[in-house]
1. Out of the strands (runs of 3 or more DSSP E) lying entirely within the stretch 81-175, which hold 3 or more residues that are surrounded by fewer than 21 Cβ atoms within 10 Å (Cβ to Cβ) and not charged (D, E, K, R)?
2. Say whether the condition of being over 22 Å from Val167 (Cα atoms), free of Cβ contacts under 8 Å to residues at least 24 places away in the same chain, surrounded by fewer than 18 Cβ atoms within 10 Å (Cβ to Cβ) and assigned by TED's automatic domain parsing to the domain that holds Leu145 is met by at least one residue in the stretch 60-69.
3. Picking from Asn179, Asn171, Asn191, which residue would you name as being outside the structural domain of Ala135 (by TED's automatic domain parsing), modelled with pLDDT under 95, out of contact with any Gly (no Cβ under 8 Å at 6 or more places or on another chain) and of a type outside the set (A, V, I, L, M)?
4. Where residues in the stretch 30-52 are among the hydroxyl-bearing types (Ser, Thr, Tyr) and touching a residue at least 40 places away in the same chain (Cβ under 8 Å), which of them is surrounded by the fewest Cβ atoms within 10 Å (Cβ to Cβ)?
5. Inspect the stretch 121-144 for any residue being in contact (Cβ under 8 Å) with a residue 40 or more places away in the chain and either touching a helix residue (DSSP H, G or I) at 6+ places or on another chain (Cβ under 6 Å) or in the same structural domain as Ser34 (by TED's automatic domain parsing) (or both) and give the result as yes or no.
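The values are calculated or read from the model by the stated rules, or taken from the named source; none is laboratory data. Being a predicted model, the structure only gives us computed values, none of them experimental. Using ideal geometry, Cβ is built from the backbone for each residue, glycine included, and neighbour counts are taken over all protein chains shown.
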Amino acid sequence: MTCNECINLIKSDLRRITVCNFSNIIKNLITSYSFIITFWFRIGTYLSNKKNILYKLILFFVKIIYKHNQYKTGIQLPLGTKVAKGLNFAHFSCIVINHASIIGENCTIFQGVTIGSKRGRNGGAAKIGNNVVIASGAKIIGNVLIGNNVMIGANSVVVKDIPDNAVVAGNPAQIINYNGKYHTELYIKINE
């Protein structure tokens, strides 16, 4: 990841909350836990791939700040996890994301969400598409593929692939309808 790519990812995360400008960056680094976590996640992920000793020293301090904010918010998102632009934590606390997961653009994650892995022959972690909303308490377990514009209902347990534009709920999650694009658009707010 280049420095410009890192900056663009940070800006895209901020645009999910407010208009992107310098004063809003500073304000949200103090007041928005979603942006605080995503900001330090992006910086830490960028620095973790650098070999220069100065970058490693800066990474040490970034990891301390990031770990403090992980404990404070209850969001476990390991550095280096593949997360596309526009990540937003609508509420925080008790969020666990496996490091092998892949998360697409403009994903909205609510409190109590687990994106976990499964071991064994069919093991692995989830691949989540673009414009996905994962509601409170939902669990996505194993090597599943979540399509684009998917709405995962509260307390759902997803253990099978979900096609594009689906709305799912239940344990195990069942497709309720294919109005996912309509539902996810309500959450995907991007401020230019």
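1. Fully inside the stretch 81-175 and qualifying: 114-118.
2. No.
3. Numbers: Asn179 fails: outside the structural domain of Ala135 (by TED's automatic domain parsing); Asn171 fails: outside the structural domain of Ala135 (by TED's automatic domain parsing).
None of the other options fit; the residue is Asn191.
4. Here is the first cut: in the stretch 30-52, the ones among the hydroxyl-bearing types (Ser, Thr, Tyr) are 31-34, 38, 45-46, 48.
Pick out the ones that are also touching a residue at least 40 places away in the same chain (Cβ under 8 Å) and you get 33-34, 38, 45-46.
Numbers: Tyr33: 17, Ser34: 22, Thr38: 26, Thr45: 22, Tyr46: 21.
Among those that are among the hydroxyl-bearing types (Ser, Thr, Tyr) and touching a residue at least 40 places away in the same chain (Cβ under 8 Å), it is Tyr33.
5. yes
The rows are residues; the columns are (1) under 24 Å from Ile64 (Cα atoms); (2) at pLDDT 95 or above; (3) not basic (Lys, Arg).
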| residue | (1), (2), (3) |
| --- | --- |
| Ala84 | yes, yes, yes |
| Asn98 | yes, yes, yes |
| Gln111 | yes, yes, yes |
| Ser117 | no, no, yes |
| Gly123 | no, no, yes |
| Gly129 | no, yes, yes |
| Ile140 | no, yes, yes |
| Asn148 | no, yes, yes |
